[in-house]
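> Here's a structure for you.
All of the numbers you see were taken from the coordinates with simple rules; none came from a lab. In this text the structure is predicted, and so the values were computed from the model without any measurement. Cβ coordinates were reconstructed from backbone atoms using ideal geometry, including for glycine residues, and neighbour counts include every protein chain displayed.
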Amino acid sequence: MPVTDGTDPEQGWLFVWATRPARQHPDDAEKDLRGYLRAKKHQLGLPRGVVFLYDEPTRTLVGVFYDGHTGPLDATLTASLHTLLPATYMQRSIHPNVKRLSQGTKGTPKRKMQRPKR
């Protein structure tokens, strides 16, 4: 989840919550997530990022990894950029059910809007 204070990406952060499956070795999970974090930050133009890694079997927080690298990516990470979803994918429209929820549920009387008196 990218977070910025205003419109300046230089002030932004990328927060990643991840779960390590039981079958994955902890060192492999850390290496993969550090690479993902750096590549995604580069794609989004953000200078800082952090991963919160949880263990799937125990549901405990097992690692927090910070990355503040702002230079060029190495060849391996550059090659992985095409596998990342584009930044525009994260811009969602309002879910269709939101309108339905705001109109009330069956059996709930609808309130009429009262017009202002003139």
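> For the ranges 9-21, 72-84, 41-53, what's the packing order if you count other beta-carbon atoms within 10 Å of each residue, average per peptide, and put the highest first? Write down the numbers at each step before the final one.
Values: 9-21: 15.1, 72-84: 11.4, 41-53: 18.4.
Highest mean packing first, the order is 41-53, 9-21, 72-84.
> Along the Cα→Cβ direction, 7 angstrom out, place labels at VAL50 and HIS25. What is the inter-label distance in nm?
Going by the 7 Å Cα→Cβ label model, 2.9 nm.
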